[in-house]
Each structure stands twice: as C-alpha cells, then as structure tokens.
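K.L.:
Here it is, the structure in full.
The values are calculated or read from the model by the stated rules, or taken from the named source; none is laboratory data. This is a predicted model, so every value here is computed, not measured. As a convention, Cβ positions derive from the backbone with ideal geometry for all residues, glycine included, and neighbour counts pool all protein chains shown.
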Amino acid sequence: MRSLQTQWTAAVVLFGTVAVTGALAQQTAQPQRTPAGRAPAGRAPQAAGQQHETQLDEHVATCLILENDGEIAAAQIAEQNAKSDDVKQFARTMVKDHEQFVSQLERFAGPEWRNRRQQEGNRTGAAKRNENTATRERETAATNDAAAGTPRAANTTQQRGGQDPYATMLEIKREMADECQASTRRELDSKKGDEFDECYMGMQIGAHMHMVDALKVLERHVSPELQPVLQKGLQTAQQHLDQAKKIKKHVSSTQTASNEKSETK
C-alpha cells in the first residue's frame, strides 16, 4: 500500500502541474490555433499564440520526461533485484520503451533542456556515481534534520523574483521528481525476493494508471505536432498497465502458495 501511495503522490504532482499550466494559459491572450502549428526548434515564434503553444509543449514534454526518467530508474533497480524472471523481463521492457518515449519527447522540450540532457549524457560513469552518492548524503541529512525538527531552507520561490512562471514550475517539478525517485529507491531497497517483486509490480500498476489518464488529458491540450507522440505513448502505457496487472496477479498467487506451503511444514 505504501508503494502505491508513492506513485499516486507522483500522479498528484503531474496533475497539479497541468492545472498550473492551465492557469498560466488563461493569463495569455491566445488566438485560435492555426494549422501552421509550433515554430521550429531554435526559432522565435511570430505570434503570441504560437509562443504560448511552444511554451506549453516544452512544459508538458519536460514534465513527462521527468516522469519517465523515474520509471527508468525504478526499472533498472528491478532488473538487478527482482526474483521472478517475468518481473525482470518486464523491467527490461520498461527501460527500452520509456527511453524511446523520452527520446521522442526531447525534441519538444526546448534547447535549454536538450543542452542539459546532453551535458548529463557526457558525464563519465564515475562522475555520475559521485553525484548519486552526494544525492543520497543530502537525502540522509534532510531526513535527519526532519526527525530532529530542524527547519528546512527558506522558500526558494521567494528568491526568484520575476522569473518566468513556466521556468519556476519546471524547477519545482524537477525537485519533486528527485524526491519521488529517492522515496521509490528507499522503498524498493527495503524489499527482497517475492516481496520485492510484489512491491515493484504494485508500483507499476499505480504509475501506469496515472500515466494513461494523464496522457489522455495532455493530448487534448498540446500542439498538433506533439499530439501523435502522446497518442503513441498512451497506447504503450495501456499495454504496460495490462501486462503489469497480469504479472502482479501471478506474483501474488505464487507468494500466497509459497506462504501456505511454509505454514504446513
């Protein structure tokens, strides 16, 4: 139950982000969308409506990339620690399919995001491991501070001044994604064997139920160029959800049978 709550927290995060995006849209005078669609990457849109459309696409694509990064990270843990071969194969499929979806979304995420991703991709394995270690140390310190009642840092939003609200929300979304990844890792690291398999597959059911619903809504609001990408992502997410339910049922029945066998001995 706790693992599912973690995933539904992620759902609330993305839906909340979409809600804020809608509020931002109301602040912009938006003319009716023209067939021309979004401006090519790297070129400034000619009209206010096109500019808003481009910003919205970039915001949605970046939020979805962060969600998919979390799924990839969880799947990589499952590849290493799952007991069931079915769960391991499912995790490998998650890595492949979510990486493919991310690559399709990245061309809509804006030049700043693409440059950042490229820089991250160019880091050496040692640098990444060092960064992961530093991240875990910060998480441990934050947990200890919370337990001791130490107040956290001042609200950084107040320090941003007149920063573009889209940029502010993306910064917040990145922080939330980091928190979700950390809590998912902690939960999975605490499980072994059948318990790990059942926990991971439960997470996947919750995550993909959320993603199916989110993509249905987002597809209605993005540009005609981004819509086919989200439609394909929706089909894949539905397939993952159906598969996750079947594997979860099998894992649960196997664990129940194992428990009953142990009790009769």
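K.L.:
So which residues in the stretch 45-74 are more than 12 Å from the chain's Cα centre (by Cα), assigned to a helix (DSSP H, G or I) and of a type outside the set (D, E, K, R)?
P.N.:
Result: A48, G49, Q50, Q51, H52, T54, Q55, L56, H59.
K.L.:
Considering only the stretch 189-216, state which residues are buried (at least 22 other Cβ atoms within 10 Å of the Cβ), more than 18 Å from I65 (Cβ to Cβ) and in contact with a Phe, Trp or Tyr (Cβ under 8 Å, 6 or more places away or on another chain).
P.N.:
Matches in the stretch 189-216: M201, Q204.
K.L.:
Then there is this: Please tell me if D97 is more than 24 Å from R186 (Cβ to Cβ), modelled with pLDDT of 95 or more, assigned to a helix (DSSP H, G or I) and within 17 Å of the chain's Cα centre (by Cα).
P.N.:
Yes: the conditions hold for D97.
K.L.:
I'd like to know if the stretch 135-144 contains one or more residues that are modelled with pLDDT under 90, outside any helix (DSSP H, G or I) and surrounded by fewer than 15 Cβ atoms within 10 Å (Cβ to Cβ).
P.N.:
No - not one qualifying residue is present in the stretch 135-144.
K.L.:
Tell me, please, whether a residue that is at pLDDT 90 or above, in contact with a Cys (Cβ under 7 Å, 6 or more places away or on another chain) and under 23 Å from E99 (Cα atoms) can be found in the stretch 211-233.
P.N.:
no
K.L.:
I've got another one for you. Would you call A177 at pLDDT 95 or above, under 17 Å from the mean Cα position of the chain (by Cα) and buried (at least 19 other Cβ atoms within 10 Å of the Cβ)?
P.N.:
Judged against the criteria, A177 is not a match.
K.L.:
Test Q238 against the criterion of being within 16 Å of A91 (Cα to Cα), free of Cβ contacts under 8 Å to residues at least 40 places away in the same chain and not acidic (D, E), and give yes or no.
P.N.:
Criteria met by Q238.
K.L.:
What do you reckon, is T236 surrounded by fewer than 22 Cβ atoms within 10 Å (Cβ to Cβ) and among the β-branched types (V, I, T)?
P.N.:
Yes: the conditions hold for T236.
K.L.:
Which one is surrounded by the most Cβ atoms within 10 Å (Cβ to Cβ) among residues in the stretch 57-104 that are of a type in the set (D, E, K, R), closer than 20 Å to R220 by Cα and out of contact with any Ser or Thr (no Cβ under 8 Å at 6 or more places or on another chain)?
P.N.:
Applying the filter and picking the extreme gives E67.
K.L.:
Yes or no: T254 surrounded by 16 or more Cβ atoms within 10 Å (Cβ to Cβ), among the polar types (S, T, N, Q), within 15 Å of the chain's Cα centre (by Cα) and under 21 Å from T93 (Cβ atoms)?
P.N.:
The answer is no for T254.
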